[in-house]
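Notes follow the structure.
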Amino acid sequence: MNQRPPVIAVDGPSGVGKGTLCQWLATELGWRLLDSGALYRLTALATQRRNLPLTDESRVATVAAELNVEFTAGTDGGLRIALDGEEVSAAIRSEAAGNAASQVAALPQVRAALLQRQRNFRQFPGLIADGRDMGTVVFPDAELKLFLIADPGERARRRYTQLSEKNLSENKMNVSLAALEREIAERDARDVGRAAAPLTPATDAKILDTTYLSIAQVCEWARQQARPWR
Ligand code: C5P
């Protein structure tokens, strides 16, 4: 009998469908969900709110260690995230917040400060861990490791559609597809090229290219991989 809660690690760059897949898997299996990217986004936001530079490694690491964050289930099934008691679920999803997150994520002391907090999410009946280094650093002993990839142009298009749907209701779409492509390329280069926990598949990860796949097809593939726990 295995006494340790099982983990399914899902890694890959942004725009490959990880977030949607992880929420689906967590609901399907009834497991907890760790959105590790949110922790880096929250660290960047909390740092900016304290008027500290994103490059000051030891102070950003202190902010990360002291993050006062609460994850609760939202009414739509998604996560509701509060920082210092204030709802920031939407604020941390902007492109600017993603870029700021990838800057603080390159700092080794910041990654170290968030490590145990992420491991604490491993609870019964199991955990779906969404990120960049779930299978390599945070849960190297994960029972299953999935790694999603997709063509950068397609990832930018998906992100553009997502942003335009969101912004249409607020009537303020102010980012171009070309700008998004540039930002994605920059963020990829930083995430892949950093010394601390670079974005790379674990040697035992199962890799899926989602460029030409629907969300339903990606979920079906993952469901097959997760067969032992269904
Ligand atoms: O996944 P998400 O887009 O929310 O992540 C934001 C940024 O946080 C990523 O671009 C990456 O730099 C960083 N990140 C990370 N390790 C993780 C999750 C996110 O470095 N496990």
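The values are calculated or read from the model by the stated rules, or taken from the named source; none is laboratory data. Note that the structure is predicted; figures quoted are calculated from it, not measured. FYI the Cβ positions are ideal-geometry reconstructions off the backbone, even for glycines, and counts take in every protein chain you see.
Okay, residues lined up against (1) within 12 Å of the ligand (Cβ to nearest atom); (2) closer than 30 Å to PRO152 by Cβ; (3) without any contact (Cβ under 8 Å) to a residue 24 or more places away in the chain:
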{"site": "PRO5", "(1), (2), (3)": "no, no, no"}
{"site": "VAL10", "(1), (2), (3)": "yes, yes, no"}
{"site": "GLY15", "(1), (2), (3)": "yes, yes, no"}
{"site": "GLY19", "(1), (2), (3)": "yes, yes, no"}
{"site": "ALA26", "(1), (2), (3)": "no, yes, no"}
{"site": "ASP35", "(1), (2), (3)": "yes, yes, no"}
{"site": "ALA44", "(1), (2), (3)": "yes, yes, no"}
(request) Considering only residues that are free of Cβ contacts under 8 Å to residues at least 12 places away in the same chain and more than 15 Å from the ligand (Cβ to nearest atom), look in segment 175-199 and name the one that is farthest from LYS145 (Cα to Cα). (result) SER176
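Just for helices (runs of 4 or more DSSP H) wholly inside segment 42-145: which have at least 1 residues that are among the basic types (Lys, Arg) and touching a helix residue (DSSP H, G or I) at 6+ places or on another chain (Cβ under 8 Å)?
Details: elements: 57-65, 95-104, 108-119.
So the answer is 57-65, 108-119.
Check whether at least one residue in segment 55-68 is within 26 Å of PHE124 (Cα to Cα) and either small (Gly, Ala, Ser) or modelled with pLDDT under 95 (or both), and report yes or no. Full working, then the answer.
Let us first name the residues in segment 55-68 that are within 26 Å of PHE124 (Cα to Cα), namely 64-68.
Right, trim to either small (Gly, Ala, Ser) or modelled with pLDDT under 95 (or both) and you get 64-65.
Yes, because at least one residue in segment 55-68 is within 26 Å of PHE124 (Cα to Cα) and either small (Gly, Ala, Ser) or modelled with pLDDT under 95 (or both).
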(message) Exactly one of these conditions fails for SER102: (1) within 14 Å of the ligand (Cβ to nearest atom); (2) closer than 26 Å to GLY126 by Cα. Give me its number.
(response) (2)
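Just to be sure before I move on: is LEU33 in a loop (DSSP other than H, G, I, E, B) and in contact with a helix residue (DSSP H, G or I) (Cβ under 7 Å, 6 or more places away or on another chain) in the structure I sent? Before the answer, list the steps.
On the way: in a loop (DSSP other than H, G, I, E, B): no; in contact with a helix residue (DSSP H, G or I) (Cβ under 7 Å, 6 or more places away or on another chain): yes.
In short, no.
Restricting attention to segment 200-212, and to residues there that are of a type outside the set (Gly, Ala, Ser) and touching a strand residue (DSSP E or B) at 6+ places or on another chain (Cβ under 7 Å), which single residue is nearest to the ligand (Cβ to nearest atom)? Steps first, please.
Taking segment 200-212 first, the residues of a type outside the set (Gly, Ala, Ser) are 200-201, 203-204, 206-212.
Next, only the ones that are touching a strand residue (DSSP E or B) at 6+ places or on another chain (Cβ under 7 Å) stay: 201, 204, 206-210.
Numbers: PRO201: 13, ASP204: 18, LYS206: 18, ILE207: 17, LEU208: 17, ASP209: 18, THR210: 15 Å.
For segment 200-212, the residue satisfying everything is PRO201.
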(message) Just the residues that are crowded, with 17+ Cβ neighbours inside 10 Å and either without any contact (Cβ under 8 Å) to a residue 60 or more places away in the chain or away from the ligand (no atom under 15 Å from the Cβ) (or both), please, taken from segment 119-142.
(response) GLY126
(request) Select from segment 48-107 the residues that are among the β-branched types (Val, Ile, Thr), touching a residue at least 40 places away in the same chain (Cβ under 8 Å) and touching a strand residue (DSSP E or B) at 6+ places or on another chain (Cβ under 8 Å) and write down the one among them that is farthest from GLY131 (Cα to Cα). (result) VAL88
(message) Every residue in segment 55-99 that is more than 15 Å from the ligand (Cβ to nearest atom), exposed (fewer than 13 other Cβ atoms within 10 Å of the Cβ) and among the aliphatic types (A, V, I, L, M), please.
(response) ALA73
(message) Can you tell me which of (1) within 18 Å of GLY15 (Cα to Cα); (2) away from the ligand (no atom under 13 Å from the Cβ) is the one PHE147 doesn't meet?
(response) (2)
(request) Answer yes if at least one residue in segment 113-121 is closer than 26 Å to THR203 by Cα and within 13 Å of the chain's Cα centre (by Cα), and no otherwise. (result) yes
(request) Considering each residue of segment 1-54, count those that are crowded, with 20+ Cβ neighbours inside 10 Å and on the phi > 0 side of the Ramachandran plot, and give that number. (result) 3
